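Report on one structure; see the data block that follows.
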Amino acid sequence: MQPDEIIHQTLRLKIMSALRGSGDAEPLDFTRLKAIVEATDGNLGSHLATLENAGYVTIEKDFVGKKPRTRISMTKAGRAAFLRHVAYLREVLEGVEESA
């Protein structure tokens with residue numbers, strides 16, 4: 001099993017974990033996601049663009065009144081990729097525990 005090079009990057013792994021933890025009911029607001037993963041606007045935006053280009057997340061932009069709002073959701077492909085990557089990480093950890 002191989003790592004998913006897109007998800008493997010630390011901040012993108014945090015983003016995908018936060019989205020997975022939020023469940024499928026509601027997308028995460030950009031501001032909330034930024035606080036969870038402790039990223040700057042620009043850094044988070046850049047990593048979200050990478051995840052969106054891979055088809056792992058969708059980004060919805062709209063307005064609440066006159067205030068812009070950006071919300072992020074994990075796609076089915078993103079969920080599948082994330083679960084495969086978590087399985088890879090578990091495999092690595094189990095290998096480390098067995099050799100210790």
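What follows draws every value from the coordinates through simple rules; no lab data is involved. Every value quoted in this text rests on a predicted model; they were computed, and no experiment measured them. Don't worry about glycine lacking a Cβ; one is built from the backbone with ideal geometry, like all the others, and counts go over all protein chains shown.
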Next item on the list: Mind telling me which of LEU11, LEU83, LEU44 comes out most flexible in a GNM of the chain, alpha-carbon contacts under 10 Å?
Entry: LEU83
Checklist line | trypsin sites (Lys or Arg not before Pro) within region 20-100: DSSP coil, no more than 16 neighbouring Cβ in 10 Å | finding: LYS66
Check: Setting aside same-chain residues fewer than 8 positions from LYS76, which lysines have a Cα under 26 Å from its Cα?
Finding: LYS14, LYS34, LYS61
Next item on the list: Mind grabbing the base-10 log of I(q)/I(0) for the chain at q = 0.14 Å⁻¹? Debye formula, identical points on the C-alpha positions, no solvent, two decimal places.
Entry: -0.54
Check: Across 5 Å bins from the origin, how do the percents of Cα pairs in region 7-51 run, short distances first?
Finding: 5, 24, 37, 25, 9, 1
Note to self: Out of the GluC sites (Glu not before Pro) in region 17-100, which ones are loop residues according to DSSP with at most 14 other C-beta atoms within 10 Å?
What the structure shows: GLU38
